[in-house]
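The values are calculated or read from the model by the stated rules, or taken from the named source; none is laboratory data. On a predicted model such as this, the values are computed, not experimentally measured, just so you know. Here the Cβ positions follow ideal geometry from the backbone for every residue, glycine too, while neighbour counts run over all protein chains shown. Heavy atoms of the whole protein, side chains included, go into the accessibility calculation; ligands, DNA and RNA do not. Shrake-Rupley method; radii C 1.70, N 1.55, O 1.52, S 1.80 Å.
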Amino acid sequence: MIELAPELSIERLDVGELFGRNAPLHVDLGCGDGSFLCELAKQFPEKNFLGIERLSKRVEKARRKAEKIENVRVLRADTSDAVRYLVPENSVETFYLLFPDPWPKRRHQRRRIFTRDFLDSGAAALEHDGLLRVATDQLDYSQQMKRLSRAHPQFEIVDPGDVALPSTKFERKFQEQGASIHRLTLRKVSPVK
Ligand SMILES: C[S@@+](CC[C@H](N)C(=O)[O-])C[C@H]1O[C@@H](n2cnc3c(N)ncnc32)[C@H](O)[C@@H]1O
C-alpha cells in the first residue's frame, strides 16, 4: 500500500521499463488471483497487462500464475492510488474493474471504489478513446455507476463490442449462484468545450 504524505512525491510507473517494451497497456483493478489477467494476456500477447491488487496473498497467487507469461506484471497497491498516482497519464488502452468489493450495507457504501474521483483519475490515465470495462453482481451499485458515468464529461456509455473476455473467478462463482451480472463499458471522450 502506498503511504501518502504531503511532502512525498511519487514517481509514476515507467511502464516501458516494467515490461521491457512499449505496447498497449491493459490494467486489471482488483485482479484477485490473476486468472482473468493471465488468460487475457495469453489471448493478446501483443499487449501489456498490469494487475493491481491490495491483498498480498492474492498478489502472490497472481504472480505465480504470471511467472511464465511475458506480458503480465502484478503490483500490490490500492486501486484508487494506483490509478491516480502510479499509472502515467494517457497511457491505458483499457481498464477492467470486475466485481469490485460491493459494500452492500448503506453505511459502508462510501467505501466503494467507483466514485466521481475514481472516474476523474481514470479519465486522466486513459488514452483518448480508451475503455473502462466494469462488472458487478449488485444492481444498485451498477445503477450508481451509470449515474456517475452519465454525469461525467469525459465518459460515454458504449456498447461493449464483440469481445469474448475470459470469465473471472468471482464471475464464475456468481454465475453458479444464479446471480445477475451487470456490465458497463465506458469510453473516454473529450469534454465538450
Ligand atoms: C470481489 S473480488 C474480485 C476479484 C476479481 N476481479 C474477480 O472478478 O475474480 C475484489 C478484489 O478486489 C480487491 N480489492 C478490493 N479493494 C481494493 C482496492 N482498494 N485496491 C486494490 N484491490 C482491491 C480485493 O482484494 C479482491 O481481490
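Overview of values
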| read-out | value |
| --- | --- |
| Filtered residues of segment 116-133 (kept if open to solvent by less than 50 Å² (accessible area, probe 1.4 Å) and out of contact with any strand residue (DSSP E or B) (no Cβ under 6 Å at 6 or more places or on another chain)) | Phe118, Leu119, Ser121, Ala124 |
| Yes/no for Ala62 being open to solvent by less than 30 Å² (accessible area, probe 1.4 Å) and either touching a helix residue (DSSP H, G or I) at 6+ places or on another chain (Cβ under 8 Å) or under 22 Å from Ser167 (Cβ atoms) (or both) | yes |
| Selection count where residues are in a loop (DSSP other than H, G, I, E, B) and surrounded by 14 or more Cβ atoms within 10 Å (Cβ to Cβ), scope segment 134-165 | 5 |
| Strands (runs of 3 or more DSSP E) contained in segment 13-87 and holding at least 3 residues within 12 Å of the ligand (Cβ to nearest atom) and under 11 Å from the mean Cα position of the chain (by Cα) | 25-29, 48-53 |
| Some residue of segment 172-183 being open to solvent by 80 Å² or more (accessible area, probe 1.4 Å), under 24 Å from Gly34 (Cα atoms), out of contact with any Leu (no Cβ under 8 Å at 6 or more places or on another chain) and part of a strand (DSSP E or B) | yes |
| All positions within segment 17-26 that are under 22 Å from Asp129 (Cα atoms), surrounded by 14 or more Cβ atoms within 10 Å (Cβ to Cβ) and free of Cβ contacts under 8 Å to residues at least 60 places away in the same chain | Ala23 |
| Residue list for segment 88-108, filter: outside any loop (DSSP other than H, G, I, E, B), surrounded by fewer than 15 Cβ atoms within 10 Å (Cβ to Cβ) and charged (D, E, K, R) | Arg106, Arg107 |
| Unmet criterion (only one of (1) modelled with pLDDT under 95; (2) among the acidic types (Asp, Glu); (3) surrounded by 13 or more Cβ atoms within 10 Å (Cβ to Cβ)) for Asp33 | (1) |
| Residue list for segment 73-87, filter: open to solvent by 50 Å² or more (accessible area, probe 1.4 Å) and in contact with a strand residue (DSSP E or B) (Cβ under 6 Å, 6 or more places away or on another chain) | Arg73 |
| So Gly122, is it at pLDDT 95 or above and more than 16 Å from the ligand (Cβ to nearest atom) | no |
